[in-house]
Amino acid sequence: MIKPNLSPRLQICARFAAGADTLCDVGTDHGYLPIRLLLDGKIRRAVAADIRRGPLDSAARHAREAGCEDSMRFELADGLGFPGADECDAIVCAGMGGETIMGILSRAPWTKNGARLILQPQSKLDELCLWLRENGYGIADAALAAEGKRLYVAMLCRGGRSETLYAEEALLSRGDELLPTWIKSRSERLERALTGMSKGESAGDGIDAARATLKRLGTVLPERG
């Protein structure tokens, strides 16, 4: 079987996961990420986990076709709620909301004990970053990927404190070339949201939070002359 092609957003997850012994791909969908990492020799074993039977069956079929099913386990589970999950030294949570990721990690406190966490939230990025800090995790690195007109951010996190609080700080340290575009896109979305909220009658807290985020993003990049 030809190796599955990874989308740009999964490619950055794969980079952060490379070198792990046992990877758990939470919400595995088609299983392409662990299959590709196994075929490339970047990991030794993998667990594909999903809360739905359909995607899990699809992942198992693709693993058989790729000839790597003997190096994989398939777990029908909610997040990391399956026996032996704590044997995984790298965990990917991609393609799900930030609140879902918070719930998965809160039910698996062992993930603070050295596991490599690759997190790619589709919503509530700042809230997730704050939750990580408040619950004993730190952001070690981050990277951006473009798919069509959308930019995706993936964060490499571990248990323990980090000086990095928000994703853009890690992206700035990395020198990610997509950071200016990402800052501009986020700022424009916040400005549109503020325009909409200003027309409402009870959006005080939301307006304050959006203004604070917009101000913070405006300080990330050095001024260009």
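Worth a mention:
- Within the accessible area of the chain (1.4 Å probe), percent carbon and sulfur: 47
- Checking every one of the GluC sites (Glu not before Pro) in segment 93-190 against DSSP loop status and a limit of 10 other Cβ atoms within 10 Å picks out Glu163, Glu177.
- Free-standing Cys, the chain [no other Cys Cβ under 4.7 Å]: Cys13, Cys68, Cys93, Cys129, Cys157
- Per residue, the chain exposes an accessible area of 51 Å² to a 1.4 Å probe, with every protein chain left in place.
- Residue among Asp29, Asp70, Asp89 with the largest mean-square fluctuation in a Gaussian network model of the chain, springs linking Cα atoms under 10 Å: Asp70
- Report summary: the helix-based calculation at 222 nm, which adds -39500 (n - 2.57) for every DSSP H run with n ≥ 4 and divides by the residues of the chain, gives -12500 deg cm²/dmol.
- Relative contact order, whole percent, for the chain stands at 15, derived from Cα pairs under 8 Å and 6 or more residues apart.
- If R0 is taken as 30 Å, the Cβ-Cβ distance between Arg15 and Ser187 corresponds to a FRET efficiency of 0.65.
- Among the listed pairs Lys112/Lys149; Lys124/Lys149; Lys149/Lys215, those with a Cα-Cα distance over 26 Å are Lys112/Lys149.
The values are calculated or read from the model by the stated rules, or taken from the named source; none is laboratory data. Here the structure is a predicted model, which is why all the values come from computation and not from measurement. Cβ coordinates were reconstructed from backbone atoms using ideal geometry, including for glycine residues, and neighbour counts include every protein chain displayed. All accessible areas refer to the heavy atoms of the entire protein, side chains included, with ligands and DNA or RNA removed. Shrake-Rupley method; radii C 1.70, N 1.55, O 1.52, S 1.80 Å.
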